[in-house]
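Participant: Here it is, the structure in full.
All of the numbers you see were taken from the coordinates with simple rules; none came from a lab. This is a predicted model, so every value here is computed, not measured. All Cβ positions, even for glycine, are placed from backbone atoms using ideal geometry, and neighbour counts span all protein chains on display.
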C-alpha cells in the first residue's frame, strides 16, 4: 500500500494537534481537565480528513510515521518535522547521586535520551 502524499498539506496535520478539546471536570466548578492525544486519536483524525480511507489504513499510516521516527533516532539521526519540531538523541553525562538506603555517594551512569524542540510555529500556539 502506498501512503505517499496522504499527509499533505501541512495545514491538515496541524488540525491533528488540536484534536481533543478540554473536557469539563465538573459542571459547578467550571474547571477544565486536559486530555492526552494518543495514536488512536491521530488515526481517527487522518481517517476523518481522508474520507475514502479505512480506519485500519489510517492506523497503518500512524504506525509507519512513528516507526520511521524511532528507526532514525535509533541510528542517531535528527528528525525534523517542519512546522512541528525537531527530535534528536542527546547523550547524558555520568552524574553523582546518593543511595537513599545507605546515604553513600554513587555514580549514576550516563545514557542516551530523546529530546524534542518545538518549532517557532508550535511555540506560538
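Participant: Work out, step by step, the length gained on full extension between residue 67 and residue 49: first 0.36 nm times the residue separation, then minus their alpha carbon distance; give nm to one decimal.
Facilitator: Here the answer is 4.3 nm.
Participant: Here's another thing I want to ask about it. Could you give the length gained on full extension between residue 91 and residue 60, defined as 0.36 nm per residue of separation minus the Cα-Cα distance, in nm?
Facilitator: Length gained between residue 91 and residue 60: 8.0 nm.
Participant: Which of 122, 42 comes first, and how do the rest follow, when ranked by fewest Cβ neighbours within 10 Å?
Facilitator: Fewest to most other Cβ atoms nearby, the residues stand as 122, 42.
Participant: Let me ask something else about it. Spin-label point model (7 Å from Cα, Cβ direction): what's the residue 108 to residue 40 distance in nm?
Facilitator: Roughly 3.4 nm, to one decimal.
Participant: How would 84, 116 line up from fewest to most surrounding beta-carbon atoms within 10 angstrom?
Facilitator: Ascending Cβ contact count within 10 Å gives the list 116, 84.
Participant: What is the order of 46, 65, fewest Cβ neighbours within 10 Å to most?
Facilitator: If I rank by nearby Cβ atoms, fewest first, I get 65, 46.
Participant: Now for a separate question. Ratio of Rg to Rh for the range 76-125, alpha carbon only, Kirkwood?
Facilitator: Value, to two decimals: 1.27.
Participant: Oh, and also: Between residue 75 and residue 125, what length comes free when the chain is fully extended (0.36 nm per residue of separation minus the Cα-Cα distance, one decimal in nm)?
Facilitator: Contour length minus the Cα-Cα distance gives 14.9 nm.
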